[in-house]
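See below for the structure under consideration.
The values are calculated or read from the model by the stated rules, or taken from the named source; none is laboratory data. Source: prediction; values computed, not measured. Virtual Cβ from ideal backbone geometry, glycine too; neighbours counted across all protein chains shown. Just so you know, the surface numbers come from the protein's heavy atoms only, side chains and all, with ligands and any DNA or RNA stripped out. Shrake-Rupley method; radii C 1.70, N 1.55, O 1.52, S 1.80 Å.
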Amino acid sequence: LIARTVHRTGKEIDLQPREFQLLEFLMRHAGQSVTRTMLLEKVWEYHFDPQTNVIDVHISRLRAKIDKGFDHAMLQTVRGAGYRLEP
């Protein structure tokens with residue numbers, strides 16, 4: 001966390017600050033379903049739903065960076081609930 005770097009199987013992954021915050025939150029709740037409301041409140045510090053696709057866009061970008069080119073997808077969509085990071 002202090003170095004603000006991300007590695008997967010020895011490969012460094014370059015993340016934007018918000019992507020890093022999103023991944024950090026998902027990692028702290030690994031294996032648990034995380035709702036869109038939780039992400040809006042804890043990562044974006046919104047206490048209302050802005051009715052935008054900001055979460056979808058950032059999840060898509062994060063997924064492309066941490067899962068693309070690997071056999072096992074770590075970032076899962078939990079239909080009707082949110083997202084889950086599986087180690």
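Within segment 4-83, the GluC sites (Glu not before Pro) that combine a DSSP coil assignment with at most 10 other C-beta atoms in a 10 angstrom radius are 45. How compact is the chain by the rule of thumb for globular proteins, expressed as Cα Rg over 2.2 N^0.38 Å? Against the empirical 2.2 N^0.38 Å value, I get 1.05 for the chain. Can you tell me the 0 to 90 degree angle between the C-alpha axis of helix 54-67 and the longest principal axis of the chain, rounded to 10? Between the helix axis and the principal axis of the chain, the angle is about 10 degrees.
How large a share of the accessible area of the chain, in percent, is made up of carbon and sulfur atoms when the probe is 1.4 Å and the other protein chains stay in place? Mind showing how you got there, number by number?
Values: 2880 of 5820 Å².
About 49 percent, which is the carbon plus sulfur part of the accessible surface.
Amide H contacts under 5 Å for residue 46: 41, restricted to partners 5 or more places along the chain or on a different chain, H placed in the peptide plane at 1.01 Å from N. Sparsely packed loop sites in segment 42-87 (the chymotrypsin sites (Phe, Trp or Tyr not before Pro) outside DSSP H, G, I, E and B with at most 12 other Cβ atoms within 10 Å) comprise 48, 70. According to the square roots a ≥ b ≥ c of the eigenvalues of the Cα gyration tensor, what is the shape class of segment 1-43, taking rounded for a/c under 1.5, prolate for a/b larger than b/c otherwise, and oblate for the remainder? Because a/c hits 1.5 or more and a/b exceeds b/c, segment 1-43 counts as prolate. Seen against the Cα atoms of the chain and their longest principal axis, helix 17-28 is set at about 90 degrees. Rounded to the nearest 20, the size of the Cβ-charge dipole of the chain about its Cα centre is 120 debye, with Lys and Arg at +1 and Asp and Glu at -1.
Return the loop-located trypsin sites (Lys or Arg not before Pro) in the chain (DSSP other than H, G, I, E, B) with at most 15 other Cβ atoms within 10 Å of their own Cβ; answer none if there are none. Provide the component values of the computation, followed by the final result.
Working: sites: 4, 8, 11, 18, 28, 36, 42, 61, 63, 65, 68, 79, 84; in loops: 4, 68, 79.
Taking the chain and a limit of 15 other Cβ atoms within 10 Å, the loop trypsin sites (Lys or Arg not before Pro) found are 4, 68, 79.
The amide H of residue 6, built 1.01 Å from its N in the peptide plane, has 13 as neighbours under 5 Å, considering only residues 5 or more places off or on other chains. If you take the beta carbon distance between residue 52 and residue 72 as r and set R0 to 25 Å, what does 1/(1 + (r/R0)^6) give as a FRET efficiency, to the nearest 0.05? Taking R0 as 25 Å, the efficiency between residue 52 and residue 72 is 0.25. The gain in end-to-end length when the residue 16 to residue 79 segment is fully stretched comes to 20.1 nm, 0.36 nm per residue minus the alpha carbon separation. Residues of segment 43-87 falling in the label zone of residue 7, defined by backbone nitrogen less than 20 Å from a point 7 Å along Cα to beta-carbon, are 65-72, 74, 87.
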